[in-house]
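Step one of this worksheet: look at the structure below.
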Amino acid sequence: PAWFSERVKVLALISFAAWIGTAPAVAWHMGRFSVLSLLVNLLAVPLSSAAMIAGLAMLVAAAFSATLAAPLASVASLLVALLQAINGLIATVPFSALDLPPPSPLILLLYAAAIVWIWYERRRAATFFRTAALLFGCIASLCAGALFRPPPEQSVTVLALSHGRATLIESPAGAALIDAGGLGEGARIAELLRRRGIPRLALLVITEDAPGAIEGALEFARHAPPARVILPRNSVVSTARRELEIWCAARHIEYGTPAFKQPLAGPGELRWDFFDDGPPLDAPAAAETALCVRLSAPGSRVLFVNARSSASLQRLLARSGSGVFEAGILQIDPAIGGRWPQEVESLIRESRCRVIIASGAADPDDPTAARIVEHARENGLRLFWPRRDGSVRLRVDN
């Protein structure tokens with residue numbers, strides 16, 4: 001019937017306008033261009049409207065009778081579930097969305113100018129051919145970044161997570177991750193990797209079999225699987241570690257403890273050295289150990305120390321040889337047991353670092369913060385505090 005075709009036409013035009021109008025904002029904030037957004041909107045708009053009406057009717061009915069509101073609640077829940085199922089189904093279609101770097105301000109300005117021109121000249125000069133050509137040019141320029149994404153700089157990004165810790169290592173040859181955050185942080189890490197254009201990791205290093213280091217691993221690994229996983233040597237393992245090992249084995253991903261006497265190479269020119277605070281290598285592993293990681297790049301070194309206790313730092317310092325802990329950047333949690341132990345100062349002196357990243361459970365509002373700030377100022381060191389300053393990204397080069 002004529003009324004139905006007219007209704008579909010209006011709905012299609014509204015969906016098209018919403019798709020075109022919101023595309024720059026979605027690309028800027030979410031790093032994504034939805035190719036099938038028009039199709040999704042044709043189905044989602046009626047369903048979401050019906051769900052809102054059913055929900056409003058449920059609220060009105062609930063004011064009079066819970067029995068009357070129950071079936072309306074079921075209808076609203078069914079509509080929402082159907083909407084989620086449709087969105088999930090369309091999201092599985094190949095190339096349903098393109099991952100983009102944030103578009104430049106110039107592209108956004110030209111896009112906005114074209115939309116304004118189409119609206120202003122819609123009755124006079126905005127012919128179908130001109131409008132189609134302008135819209136195609138806008139969308140093509142918006143998506144061009146996906147084809148010309150510049151190679152990443154060699155950098156270290158210490159993430160400011162609500163639970164746990166994680167550090168992203170990027171190089172032109174690939175990316176690696178040290179620790180995976182706590183439970184619930186894996187999705188956030190996966191989103192960061194997507195925005196950075198990282199579909200896979202060359203390496204995942206778990207420094208400690210503790211909730212804040214390992215529980216987010218499976219959450220993001222399903223989206224950006226690592227080629228290899230390094231784990232601490234423990235005689236007793238957690239459920240999270242066991243699940244990660246089973247997942248890696250099922251996908252033929254290499255995992256295990258590092259070769260402590262032999263540096264690990266890659267990606268690119270990166271080199272990894274591992275130490276831990278456990279017993280000697282020829283002795284049985286302790287129930288729990290923590291890895292210390294030294295990352296070497298041409299002209300630069302980064303040292304990651306997971307300090308569990310003063311005793312653990314003493315064991316690490318006792319094993320260090322000449323220059324083992326020297327690094328330009330030191331990442332460490334300076335608060336051990338709520339205090340600043342002497343071993344932290346010894347490690348900072350031995351590392352000869354120029355930059356300190358105070359990460360982990362250290363709280364900028366604790367008295368420990370004043371101690372490390374004073375130490376950094378007295379020694380001319382740069383101090384970053386992700387829990388206060390947000391994620392810290394530093395270039396690692398000459």
Quiz item: Which of (1) modelled with pLDDT under 80; (2) over 27 Å from the mean Cα position of the chain (by Cα) is the odd one out, the single condition ASP397 does not satisfy?
Solution: (2)
Quiz item: Has region 26-33 got any residue that is surrounded by fewer than 17 Cβ atoms within 10 Å (Cβ to Cβ), among the aliphatic types (A, V, I, L, M) and modelled with pLDDT under 80?
Solution: yes
Quiz item: In this structure, is SER15 assigned to a helix (DSSP H, G or I) and surrounded by fewer than 17 Cβ atoms within 10 Å (Cβ to Cβ)?
Solution: no
Quiz item: When residues of region 236-290 are filtered for being over 18 Å from LEU177 (Cα atoms) and assigned to a helix (DSSP H, G or I), how many remain?
Solution: 6
Quiz item: Given the conditions (1) surrounded by fewer than 21 Cβ atoms within 10 Å (Cβ to Cβ); (2) assigned to a loop (DSSP other than H, G, I, E, B); (3) not aliphatic (A, V, I, L, M), which single one is not true for PRO232?
Solution: (1)
Quiz item: Can you name every residue in region 152-199 that is out of contact with any strand residue (DSSP E or B) (no Cβ under 8 Å at 6 or more places or on another chain) and part of a strand (DSSP E or B)?
Solution: none
Practice problem: Scan region 131-142 and give yes if some residue there is of a type in the set (Phe, Trp, Tyr), at negative phi and at pLDDT 75 or above, otherwise no. | Solution: yes
Practice problem: Mind listing just one residue for me: the one in region 84-107 that is more than 25 Å from the chain's Cα centre (by Cα) and surrounded by 12 or more Cβ atoms within 10 Å (Cβ to Cβ) and, of those, farthest from ALA17 (Cα to Cα)? | Solution: ILE86
Quiz item: Just one of the numbered conditions (1) open to solvent by 20 Å² or more (accessible area, probe 1.4 Å); (2) charged (D, E, K, R); (3) modelled with pLDDT of 90 or more is not true of ARG241; which one?
Solution: (1)
Quiz item: All but one of (1) under 29 Å from ARG32 (Cα atoms); (2) part of a helix (DSSP H, G or I); (3) open to solvent by 80 Å² or more (accessible area, probe 1.4 Å) hold for ALA51; which doesn't?
Solution: (3)
Quiz item: How many residues are loosely packed, with under 13 Cβ neighbours inside 10 Å and not small (Gly, Ala, Ser) if we restrict to region 361-387?
Solution: 6
Quiz item: Does region 139-158 contain at least one residue that is without any contact (Cβ under 8 Å) to a residue 60 or more places away in the chain and of a type in the set (Asp, Glu)?
Solution: no
Practice problem: From VAL60, VAL80, VAL45, VAL75, grab the single residue that is farther than 23 Å from GLY21 by Cβ, modelled with pLDDT of 75 or more, in contact with a Ser or Thr (Cβ under 9 Å, 6 or more places away or on another chain) and open to solvent by 40 Å² or more (accessible area, probe 1.4 Å). | Solution: VAL80
Practice problem: For region 153-199, enumerate the residues that are over 15 Å from GLN331 (Cα atoms), touching a Pro at 6+ places or on another chain (Cβ under 6 Å) and not hydroxyl-bearing (Ser, Thr, Tyr). | Solution: GLU170, PRO172, ALA173, GLY174, GLY182
Exercise. Could you tell me whether any residue of region 2-10 is in a helix (DSSP H, G or I) and surrounded by 15 or more Cβ atoms within 10 Å (Cβ to Cβ)?
Key: no
Exercise. Would you tally the residues in region 18-48 being of a type in the set (S, T, N, Q), touching a strand residue (DSSP E or B) at 6+ places or on another chain (Cβ under 7 Å) and part of a helix (DSSP H, G or I)?
Key: 0
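Looking at SER74, SER96, SER65, can you tell me which residue is touching a residue at least 24 places away in the same chain (Cβ under 8 Å) and hydroxyl-bearing (Ser, Thr, Tyr)? Quick ask: steps written out before the conclusion?
Details: SER74 fails: touching a residue at least 24 places away in the same chain (Cβ under 8 Å); SER65 fails: touching a residue at least 24 places away in the same chain (Cβ under 8 Å).
Exactly one residue qualifies, and that residue is SER96.
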Quiz prompt | Selection count, region 257-310, where residues are on the phi > 0 side of the Ramachandran plot and open to solvent by 50 Å² or more (accessible area, probe 1.4 Å) | solution = 1
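The values are calculated or read from the model by the stated rules, or taken from the named source; none is laboratory data. This is a predicted model, so every value here is computed, not measured. Note: ideal-geometry Cβ built from the backbone for every residue, glycine included; neighbour counts use all protein chains shown. Accessible surface is based on the protein model in full, side chains and every heavy atom, while ligands, DNA and RNA are left aside. Shrake-Rupley method; radii C 1.70, N 1.55, O 1.52, S 1.80 Å.
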